[in-house]
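The values are calculated or read from the model by the stated rules, or taken from the named source; none is laboratory data. Computed from a predicted model, the values in this text were never measured in an experiment. Ideal geometry is used to build each Cβ from the backbone, glycine not excepted, and the neighbour counts take in all protein chains shown. Side chains included, ligands, DNA and RNA excluded: accessible areas come from the protein's heavy atoms. Shrake-Rupley method; radii C 1.70, N 1.55, O 1.52, S 1.80 Å.
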Amino acid sequence: MLTLLQKIGQKTAIDQALELRIKEDFVKIETQKSEILLEVNQRAKYLYYVEKGVLHNFYYHDGRQVSSWFYIEDMFITSWYSFYTQQPSFENIESLEDCTLYRISYEDYQKLIYDFPTFGNFARLLSEEILSILDQFSKSWSFLSAKEKYEILEEYFPKIEQRIKLGHIASFLGISQETLSRIRAGK
């Protein structure tokens with residue numbers, strides 16, 4: 001819980017009343033490797049904070065699993081579109097390692113925003129951060145070489161290749177595992 005409070009505290013002030021509500025509303029859960037937290041067409045009911053572990057969002061294209069993003073310690077994860085709009089998700093969320101997470105329901109998240117303007121500021125800054133990352137990737141990703149994509153992956157997720165299957169990384173980069181092996185060998 002301390003790392004969650006520190007993460008929120010990086011974006012907004014936390015007084016004693018807000019800290020108490022955060023401790024009440026964010027529930028600690030443990031997940032096992034390969035556990036699915038959200039399936040396609042389900043509504044994302046929770047926002048998760050990753051205390052320990054690795055997860056990814058993924059979908060299927062032409063029968064193949066495609067990783068769309070990875071989440072490691074000290075990050076928030078959900079199906080962003082589904083969580084914010086409360087519409088069915090077009091992606092899944094899976095634990096790639098055993099994980100320790102803190103989750104908050106959409107309803108409790110909205111109540112925190114309403115009851116604590118400083119938490120509302122945190123929520124705004126979090127959504128701005130997510131939007132800016134997604135915007136950056138959507139506008140530049142298709143123009144990057146496989147090597148440049150791999151370098152960005154390493155920057156955002158240091159040592160991720162030591163923690164998850166290379167097939168997940170290759171699908172995220174949109175390349176074959178053979179191409180990924182050549183890129184890694186050339187470093």
Problem set entry | Every residue from region 8-36 that is assigned to a helix (DSSP H, G or I) and either closer than 18 Å to Met75 by Cβ or in contact with a strand residue (DSSP E or B) (Cβ under 8 Å, 6 or more places away or on another chain) (or both) | Ile8, Gly9, Ile22, Asp25
For this session: List every residue pair whose Cβ atoms lie under 9 Å apart, where the two residues are 6 or more positions apart in sequence or sit on different chains, the first residue falls within region 148-164 and is over 12 Å from Ile72 (Cα atoms) and touching a residue at least 12 places away in the same chain (Cβ under 8 Å), and the second residue, located anywhere, is part of a loop (DSSP other than H, G, I, E, B) and open to solvent by 30 Å² or more (accessible area, probe 1.4 Å).
Result: Lys149/Gly174; Lys149/Ile175; Tyr150/Ile175; Tyr150/Lys187
For this session: Please enumerate the residues belonging to region 40-65 that are farther than 24 Å from Ile152 by Cα and either open to solvent by less than 30 Å² (accessible area, probe 1.4 Å) or in contact (Cβ under 8 Å) with a residue 40 or more places away in the chain (or both).
Result: Val40, Asn41, Gln42, Arg43, Ala44, Lys45, Tyr46, Leu47
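Just need a number here: residues in region 125-134 that are among the acidic types (Asp, Glu) and either under 19 Å from Gln86 (Cα atoms) or open to solvent by 70 Å² or more (accessible area, probe 1.4 Å) (or both). Walk me through how you get there before you give the answer.
Narrowing region 125-134 to residues among the acidic types (Asp, Glu): 128-129.
Next cut, either under 19 Å from Gln86 (Cα atoms) or open to solvent by 70 Å² or more (accessible area, probe 1.4 Å) (or both) only: 128.
Selection size over region 125-134: 1.
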For this session: Could you tell me whether any residue of region 58-67 is in a strand (DSSP E or B), over 15 Å from the mean Cα position of the chain (by Cα) and under 12 Å from Glu94 (Cβ atoms)?
Result: yes
Problem set entry | Among (1) surrounded by 15 or more Cβ atoms within 10 Å (Cβ to Cβ); (2) in contact with a Cys (Cβ under 9 Å, 6 or more places away or on another chain), the one test that Ser68 misses | (2)
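Results for (1) surrounded by 13 or more Cβ atoms within 10 Å (Cβ to Cβ); (2) within 30 Å of Ala13 (Cβ to Cβ); (3) more than 16 Å from the chain's Cα centre (by Cα), shown as yes or no for each residue.
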site: Ser105; (1), (2), (3): yes, yes, no
site: Asp108; (1), (2), (3): yes, yes, yes
site: Ile113; (1), (2), (3): yes, yes, yes
site: Ala123; (1), (2), (3): yes, yes, no
site: Phe137; (1), (2), (3): yes, no, no
site: Ser140; (1), (2), (3): no, no, yes
site: Ala146; (1), (2), (3): yes, no, yes
site: Phe157; (1), (2), (3): yes, yes, no
site: Ser171; (1), (2), (3): yes, no, yes
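Can you tell which of Ile164, Ile175 is in contact with a helix residue (DSSP H, G or I) (Cβ under 9 Å, 6 or more places away or on another chain) and not in a helix (DSSP H, G or I)? Break it down into steps so the answer makes sense when it comes.
Values: Ile164 fails: in contact with a helix residue (DSSP H, G or I) (Cβ under 9 Å, 6 or more places away or on another chain).
Every option except Ile175 fails the conditions.
Can we say Ala185 is of a type outside the set (Val, Ile, Thr) and touching a residue at least 12 places away in the same chain (Cβ under 8 Å)? Step through it out loud before you land on a result.
Working: of a type outside the set (Val, Ile, Thr): yes; touching a residue at least 12 places away in the same chain (Cβ under 8 Å): no.
Spelling it out, it is not the case that Ala185 is of a type outside the set (Val, Ile, Thr) and touching a residue at least 12 places away in the same chain (Cβ under 8 Å).
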Exercise. Quick check: is even one residue across region 160-167 in contact with a Lys or Arg (Cβ under 9 Å, 6 or more places away or on another chain), surrounded by fewer than 16 Cβ atoms within 10 Å (Cβ to Cβ) and more than 30 Å from Gly9 (Cα to Cα)?
Worked result: yes
Problem set entry | Answer from Tyr102, Tyr150, Tyr114 - the residue that is assigned to a helix (DSSP H, G or I) and more than 29 Å from Arg182 (Cα to Cα) | Tyr114
